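Below you'll find the structure, written out as structure tokens, and then a few comments.
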Amino acid sequence: AGVVSTAPAYLMNSELVGDFVAKVALVGRVPCKVMGPVKKGTVLVTSNFPGVAMAIDNLLYVPGSIIGRSLEDFEDVGCIKIVEVAVGRS
């Protein structure tokens with residue numbers, strides 16, 4: 001699980017070439033597609049929709065699915081919006 005970075009500060013393995021090379025954010029603040037609702041500080045995990053995160057459901061949590069924490073509120077149930085997410089921080 002990870003978020004593709006739109007503006008990486010440091011790019012490891014920049015010489016890689018191929019069809020599936022991506023700049024994945026390991027730490028920092030990055031934009032991420034999120035399915036609402038989420039509140040600021042909510043833990044975000046992978047969803048059933050490729051490329052979209054959602055608020056954690058503790059009853060359905062699967063280890064390795066945590067992406068980060070939302071830094072914004074987004075109240076629209078079932079809608080998808082790009083919000084800023086803190087990746088790699090507790």
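The values are calculated or read from the model by the stated rules, or taken from the named source; none is laboratory data. Because the structure is predicted, anything quoted here is derived from the model rather than measured. Glycine also receives a Cβ, built like all others from the backbone with ideal geometry; neighbour counts cover every protein chain displayed. Ligands, DNA and RNA are excluded from the accessible area calculation, which covers all protein heavy atoms including side chains. Shrake-Rupley method; radii C 1.70, N 1.55, O 1.52, S 1.80 Å.
Amide H contacts of Lys23: Ser5, each under 5 Å away and 5 or more positions distant or on a separate chain (H built 1.01 Å from N in the peptide plane; Pro and chain starts excluded). Relative contact order (percent) for the chain, with alpha-carbon contacts under 8 angstrom and 6 or more residues of separation? Here the relative contact order equals 34 percent. Working note: Karplus 6.51/-1.76/1.60 with θ = phi - 60° gives region 30-40 the couplings 9, x, 8, 6, 10, 8, x, x, 9, 10, 3 Hz, where Gly and Pro are set to x.
Close amide H partners of Ile67, meaning residues 5 or more places away or on another chain with modelled amide H under 5 Å apart, are Leu44, Val45, Thr46.
Counting only heavy atoms of the protein chains, get the accessible area per residue of the chain (1.4 Å probe) and round it to a whole Å² value.
70 Å²
Of the accessible area of the chain, computed with a 1.4 Å probe over protein heavy atoms only, carbon and sulfur atoms account for 57 percent. Each residue of region 11-25 was assigned a 3J(HN,Hα) from its phi angle through the Karplus expression (A = 6.51, B = -1.76, C = 1.60, θ = phi - 60°), giving 10, 7, 6, 5, 7, 5, 10, x, 7, 10, 8, 9, 8, 9, 6 Hz with x at Gly and Pro. Loop-located GluC sites (Glu not before Pro) across region 55-90 with a Cβ neighbour count of 11 or fewer within 10 Å are Glu75, with loop assigned by DSSP. The solvent-accessible area of Asp76, taken with every protein chain present and a 1.4 Å probe, is close to 80 Å². Rounded to the nearest 20, the size of the Cβ-charge dipole of the chain about its Cα centre is 200 debye, with Lys and Arg at +1 and Asp and Glu at -1.
For Val34, the residues whose amide H sits under 5 Å from its own are Ala53, Lys81, Ile82, Val83, ignoring neighbours fewer than 5 places away on the same chain, with H placed 1.01 Å from N. Residue-wise HN-Hα couplings along region 59-72, as the Karplus relation 6.51 cos²θ - 1.76 cosθ + 1.60 with θ = phi - 60° gives them from phi, are 6, 10, 4, 10, x, x, 9, 6, 9, x, 10, 5, 9, 9 Hz; Gly and Pro carry x.
Across the protein chains, with a 1.4 Å probe defining accessible surface, the residues Met12, Met35, Met54 rank Met12, Met54, Met35 from largest area downward.
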